[in-house]
Every structure is written in structure tokens, then in C-alpha cells.
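Enquirer: Sharing a structure with you now.
The values are calculated or read from the model by the stated rules, or taken from the named source; none is laboratory data. From a predicted model like this one, the values you see are computed outputs, not experimental measurements. Here the Cβ positions follow ideal geometry from the backbone for every residue, glycine too, while neighbour counts run over all protein chains shown.
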Amino acid sequence: MKKYLLLIPITLALAIFFYPTTSNSNPEGSPGGKTNSAMDGQNCTGCHSGTINSGVGTATITSDIPVNGYVIGNTYTITLTGVKTNCIKFGFELTAENGNSKSGDFMITDNTTKLVNLNKAVTHKTSGTSGSTTKSWTMDWTPTANSNGNTTFYASLLFSNANSNNSGDNVFTTSLLVNEEIVNGISDNTFKNSFNYNSMNKTIETTHAILVYDISGKLVLTSKEKSTNISNLKKGIYILKSENKTQKIILN
């Protein structure tokens, strides 16, 4: 009887020891800070086995930001795409950084992604993990005052083998550098009959209401006049917004 009782805990211990490793994955998304960015310093291997960027697969970030750069206050679409033959489960986290700070604001555009890491990154939801060889996620991004100069998007992408544990997965990282559009010396530029900015006498000619924001996003002037003088504003960077146009200007 004593031998029988002794066998029970031994059997349980062996069963636990040899039981397959359970998944440390996150079907509802990354816990945050796993983009392989300079600030985050970690990637998907924090929860999954494997060496980053090994094996067969690709991860790319694309956007509709113009070649001449983004304008602070405008909204752009960012797309992350992963390709791995026969893969049926995917995951990711993506963020944007400018030097030592997170850059801009992300917005969720469908039910396959969500915000994470204090809303400064985007990751998958369970509804956004299934695919067949190719998987893409899209999100909107609006550059803000902390996006001056340039921004780098970082992403860590997981190719899962769907074996219900964290072994045998592949992790790929990627990044995309984009620059801010710098507008200097604007002179009588017309934008879709929205407004003209004359840098010589610092006036705005407009057929619609005009809003003027400083670089921090604070509204400093509202005008419905056809001609508005802004020479009273301090030197610096401002964002002009009308009914159908956003434009950055520099007052010297």
C-alpha cells in the first residue's frame, strides 16, 4: 500500500515534467513593448522560441505617406505585411518612434487590431491572426508635434506553426523610415482653391474658414475673412487647415 501511495506523486511529477511546453503566446495581442524598436528593445521572441529573422519569410511596412514626406496633423495609412509559405497563424506589434520618444498617434481602422503599450503601438486581436501564406494589417497614423524631422516605424511579426505551444515559430523584424515634409519660403501657393499663403506679407487668402495651429497642436487663430494677416504670430512652425487642405508653414 505504501509503495502504491508513493507511486502516485512520482507519476504526477513525471507527467508534469514531460508534458509539452504550453504556449506562452498571446492570441489577443502582444503585451506591449515587443516591436524590436530602439526604445522597446524586445521582440516576439520574448514570448516565442526562435531566432529573429531566421528561416524563410518576409516582413515589410508600407504607407501612403508621399515621397516628399508627411505633414503634421494629416492622417496616413500604415500597412504591415508578412509572407511565409503555408503559414496560417500570424501576430505582430508595430510602433513609431522619433529619437527618444514615441511619434504620432495611432488609430484602429478595423476589428483585427487594437492599441497597446499606452496606446503608442498596435497589435493583433484574435480576429486578426488567421491567414494563408500572406497576412496584412492596416492602421491609421497621425504625426503630431513629437514627429518633427522624421519617424521610424518598427514591427515584430510572428509566423506561428499553430501547434498550441511556443516552439517552432518564426519571428521577423522590420522597420521603415519616413521624413516630415519641410516647407520653406512658401510664396503664393494655391491648394485646390482653398487658400494661398503669401510669405512676403504674411497673409492668407482664402475662400473658406481657416484654422491656424502652433506646432504643439494649439489653435492660435480662426478666421473667416478672405484675407487674414498673421504677422502678429511669433516666428516658428504653424499648421494651416481649411475645408480641404492642411499645410505646414514656417514663419521667419
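Enquirer: Pairs needed: first member in the range 118-137, of a type in the set (A, V, I, L, M, F, W, C); second member anywhere, assigned to a loop (DSSP other than H, G, I, E, B) and surrounded by fewer than 20 Cβ atoms within 10 Å (Cβ to Cβ); C-beta distance under 7 Å; at least 6 residues apart or different chains.
Expert: Pairs that qualify, where the first residue is of a type in the set (A, V, I, L, M, F, W, C) and the partner is assigned to a loop (DSSP other than H, G, I, E, B) and surrounded by fewer than 20 Cβ atoms within 10 Å (Cβ to Cβ), are Ala121/Gly32; Trp137/Thr112.
Let's see how each residue does on (1) assigned to a strand (DSSP E or B); (2) modelled with pLDDT of 90 or more; (3) in the same structural domain as Asn146 (by TED's automatic domain parsing); (4) of a type outside the set (Phe, Trp, Tyr):
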site: Asn24; (1), (2), (3), (4): no, no, no, yes
site: Gly41; (1), (2), (3), (4): no, yes, yes, yes
site: Ile52; (1), (2), (3), (4): no, no, yes, yes
site: Asn86; (1), (2), (3), (4): no, no, yes, yes
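Enquirer: Go through (1) closer than 24 Å to Thr75 by Cα; (2) modelled with pLDDT under 75 one by one and return the number of the condition Ala209 breaks.
Expert: Here Ala209 meets the rest and fails (2).
Enquirer: Among the candidates Thr60, Thr95, single out the residue that is surrounded by fewer than 18 Cβ atoms within 10 Å (Cβ to Cβ), touching a Ser or Thr at 6+ places or on another chain (Cβ under 9 Å) and either part of a strand (DSSP E or B) or at pLDDT 95 or above (or both).
Expert: So the residue among Thr60, Thr95 that is surrounded by fewer than 18 Cβ atoms within 10 Å (Cβ to Cβ), touching a Ser or Thr at 6+ places or on another chain (Cβ under 9 Å) and either part of a strand (DSSP E or B) or at pLDDT 95 or above (or both) is Thr60.
Enquirer: Picking from Gly73, Gly82, Gly55, which residue would you name as being surrounded by 17 or more Cβ atoms within 10 Å (Cβ to Cβ), touching a residue at least 12 places away in the same chain (Cβ under 8 Å) and at positive phi?
Expert: Gly73
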